[in-house]
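Visitor: Got a structure here, written out as structure tokens. Questions coming.
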Amino acid sequence: MFGFEYPSIQDLVVWPNYFGGDSFWALNKIGLISLLAMILPALMFLLSKKEMVPRGLQNVVEGSVEFVENQIIMPAIGPEGLRYLPLLLSIFLFVFFGNIFEVIPTFQMPANARMANPMFLALIVLVVFTVIGFKHNGLSYLKGIAWPHDVPIGLRPLVGFIELLSVFLIRPFGLAVRLFANMLAGHILLVTFGALTIAVFTTSVLVVLTPLTFGMLIILTAFEMFVSFLQAFVFAILTAVYIDSSLHAH
Amino acid sequence: MLFALLFAEAAEGEEEAINPVIPEISEMFWGIIAFAALYVLVTYVLLPPIQRIRNDRAATIQADLDAADAARAQAISASAEMADQLADVRAEAAAIIDAVRAEADAERERLVARAEREVNAMREIAESEIVAEREQALASLRPQVAELAVSAASRVTGRSIDGGSAQSVVDRYLTNPN
């Protein structure tokens, strides 16, 4: 209709490999963004000055550390969770920088709109909170989940089964899918309005709609920047909540 | 819309169809490497200096706050001490003023008494001088008054009057006029 041809999903999320062919180490745009999501925060930290009165980049770096401390760890775990600051900070930065490439020209693709990164991050979180649960509670961690004491004994097998599924399957799956689906949806939304803007701009009849679609594209770009941050925050704070539930498992 | 796209793509054909939910191994490989590197860097290289400077800053701020508290306490103590000293000084000054005032009052009374004594003495002297002057004046007037009286009496009576007896009458009259 009106010459508007929506790109296929393959065109939206599948990128050719730069090298490596079909091997497991083949590098495509998603892999490159993942590497940049490691390099950029590292550079940010390395280039920031370490002065008593912070300025410029040092403010950003210290602000991100304080944000993870005060808005993620302290509300979700408390002071004893500060030992997990490196992990949670890494998760927050990695997810955020992986997301924010959605609005960076020439990239315009969030790494987390592919399932690979959200899935392995969710698996890492699963391993972390499980190990913490066993380390702090021993076998009673598993027993507390599979055989909950505050449930009538007749329901314990059923509730225990549901709890096992919830903790060890739904939690990581939910983490991964939440991040992946949000970023993919945002990516599709931006592509939709981008393609729509081009379509109405090149169509003589509907050219008057260009400011509308282009305006929406700008608004959605700003919104996706916010979503990039929000999803990183949600992923990190849920990780903290899961760690806390393992630390204080009954 | 997302699911419609996914299903639409899946329906296009077995070889062309991709499922975005299935992770690519190569993407996961680079993601794991990148995240592991970031975690190691954050833990051992990037975060420690930031935490160090934050701790130093917090310690400096705390030390400054402690110093400010100590200075404030010292100032309050000094202020109280100064107030005490001021009160002592005021009390001492009041005592001195009272003593000086009492001394001045005594001195004034002493001076007034002495002045009164001197005035009395001078008055007495003046009165005695006046009396003496009057006596002297009377004494000097007495012969003349007697002479005038004798002369007047002689003219009235037409005979000569003894001056000696007239003098005694005049003396008696001047001494006791009533």
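Since every read-out is calculated from the coordinates, none of them should be taken as a lab result. Remember, it's a predicted structure, so these values are computed and weren't measured experimentally. Note that we place each Cβ from the backbone using ideal geometry, even for glycine, and neighbour counts take in every protein chain shown.
Visitor: Return only the number of the condition from (1) part of a loop (DSSP other than H, G, I, E, B); (2) under 18 Å from the mean Cα position of the chain (by Cα) that A:E51 does not satisfy.
Guide: Among (1) part of a loop (DSSP other than H, G, I, E, B); (2) under 18 Å from the mean Cα position of the chain (by Cα), the lone unmet condition for A:E51 is (2).
Visitor: Among the residues of the range A:106-122, how many are hydrophobic (A, V, I, L, M, F, W, C), facing chain B (nearest Cβ under 7 Å) and either closer than 9 Å to A:V13 by Cα or assigned to a loop (DSSP other than H, G, I, E, B) (or both)?
Guide: Of the residues in that region, 1 qualify.
Visitor: In addition: State whether the residues of the range A:82-94 include one that is in contact with a helix residue (DSSP H, G or I) (Cβ under 6 Å, 6 or more places away or on another chain) and not in a helix (DSSP H, G or I).
Guide: No, because not a single residue in the range A:82-94 is in contact with a helix residue (DSSP H, G or I) (Cβ under 6 Å, 6 or more places away or on another chain) and not in a helix (DSSP H, G or I).
Visitor: Scanning the range A:125-157 for residues that are of a type in the set (A, V, I, L, M) and crowded, with 19+ Cβ neighbours inside 10 Å, which turns out farthest from A:A195 (Cα to Cα)? Spell out how you get there, then give the answer.
Guide: Of all residues in the range A:125-157, those of a type in the set (A, V, I, L, M) come to A:125-128, A:131-132, A:139, A:142, A:145-146, A:151, A:153, A:155.
Next, only the ones that are crowded, with 19+ Cβ neighbours inside 10 Å stay: A:125-126, A:132, A:145.
On the way: A:V125: 37, A:L126: 39, A:I132: 47, A:I145: 49 Å.
Ranking the qualifying residues of the range A:125-157, first place goes to A:I145.
Visitor: Still on this model: Hey, could you check the range A:52-68 for residues that are surrounded by fewer than 17 Cβ atoms within 10 Å (Cβ to Cβ) and under 17 Å from A:L88 (Cβ atoms) and say which is nearest to the other protein chains (Cβ to nearest Cβ)?
Guide: Here is the first cut: in the range A:52-68, the ones surrounded by fewer than 17 Cβ atoms within 10 Å (Cβ to Cβ) are A:52-53, A:55-57, A:59-60, A:63, A:66-67.
Of the ones still in play, those that are also under 17 Å from A:L88 (Cβ atoms) are A:63, A:66-67.
Working: A:G63: 11, A:E66: 8, A:F67: 13 Å.
Of everything passing the filter in the range A:52-68, A:E66 is nearest to the other protein chains (Cβ to nearest Cβ).
Visitor: Go through (1) within 26 Å of A:V241 (Cβ to Cβ); (2) aliphatic (A, V, I, L, M); (3) not in a helix (DSSP H, G or I) and name the single condition A:A37 misses.
Guide: (3)
Visitor: Return the total of residues in the range A:18-31 being buried (at least 16 other Cβ atoms within 10 Å of the Cβ) and either within 8 Å of another protein chain (Cβ to nearest Cβ) or small (G, A, S) (or both). First the steps, then the outcome.
Guide: Filtering the range A:18-31 down to residues buried (at least 16 other Cβ atoms within 10 Å of the Cβ) leaves A:26-31.
Narrowing further to those that are either within 8 Å of another protein chain (Cβ to nearest Cβ) or small (G, A, S) (or both): A:26-28, A:30-31.
Residues in the range A:18-31 being buried (at least 16 other Cβ atoms within 10 Å of the Cβ) and either within 8 Å of another protein chain (Cβ to nearest Cβ) or small (G, A, S) (or both): 5 in total.
Visitor: State whether one or more residues within the range A:153-166 are within 11 Å of another protein chain (Cβ to nearest Cβ) and within 22 Å of A:L238 (Cα to Cα).
Guide: Taking every residue of the range A:153-166 in turn, none turns out to be within 11 Å of another protein chain (Cβ to nearest Cβ) and within 22 Å of A:L238 (Cα to Cα).
Visitor: Does at least one position in the range A:41-51 carry a residue that is of a type in the set (K, R), without any contact (Cβ under 8 Å) to a residue 60 or more places away in the chain and away from every other protein chain (no Cβ under 11 Å)?
Guide: From the range A:41-51, those of a type in the set (K, R) are A:49-50; that's our starting set.
Filter once more, keeping what is without any contact (Cβ under 8 Å) to a residue 60 or more places away in the chain: A:49-50.
Adding the requirement that they be away from every other protein chain (no Cβ under 11 Å) leaves none.
No.
Visitor: Working carefully through the options A:F101, A:F94, find the one that is more than 8 Å from chain B (Cβ to nearest Cβ), buried (at least 19 other Cβ atoms within 10 Å of the Cβ), closer than 26 Å to A:A185 by Cβ and among the aromatic types (F, W, Y).
Guide: A:F101
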